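These notes concern the structure reproduced below.
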Amino acid sequence: MYSQVIVSYDIEDNKNRKKLFDELKDIGLTPIQKSVFWGYVLVSEKRVIRELFKKYCDKESDKAFLVNVNLDKSLENCFGYTKDDFKHPESFEII
């Protein structure tokens, strides 16, 4: 079962920040701001994202979070986004 999530991070090291960005895109998340991603993920992918945080975030200085959201149903707290920005993909590629 897929759930809608937002992932956000503040990573000081440019190399680690770029690696996390690339890996989140590889999972299928969409960057909606420089360090903010949105998308639909499986429970197993949530575990992968938490492991990526451990891999690329420095425990002393970096921050990151993963939260469940429901942006495609209500945009009342959004500005500049439309329902098309938060549509569920028509199909998923099985890897």
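A short reminder: the numbers here are calculations on the coordinates, not readings from a lab. Keep in mind the model is a prediction, meaning the values are calculated, not measured.
Near THR30, the amide H atoms lying under 5 Å from its own belong to TRP38, GLY39; only residues 5 or more places off or on other chains count, and H is placed 1.01 Å from N. Taking θ as phi - 60° and the Karplus parameters 6.51, -1.76 and 1.60, the scalar couplings of segment 12-29 work out to 6, 6, 4, 5, 5, 4, 5, 4, 5, 3, 5, 5, 5, 5, 5, 5, x, 6 Hz in sequence order, x denoting glycine and proline.
Of all lysines in the structure, those lying under 25 Å Cα to Cα from LYS59, and not within fewer than 8 positions of it along the same chain, are LYS15, LYS18, LYS19, LYS25, LYS34, LYS46. Convert 37 °C to kelvin, take the viscosity as 0.692 mPa s, use the Kirkwood radius over C-alpha pairs of segment 3-69 as Rh, and evaluate the Stokes-Einstein diffusion coefficient in µm²/s, rounded to a whole number. Answer from the Stokes-Einstein relation: 281 µm²/s. Mean-square fluctuations from a GNM of the chain, with a 10 angstrom spring cutoff on Cα atoms, peak among ASP26, ASP13, ASP84 at ASP84.
Taking Cα atoms only, the orientation of helix 43-56 departs from the longest principal axis of the chain by about 30 degrees.
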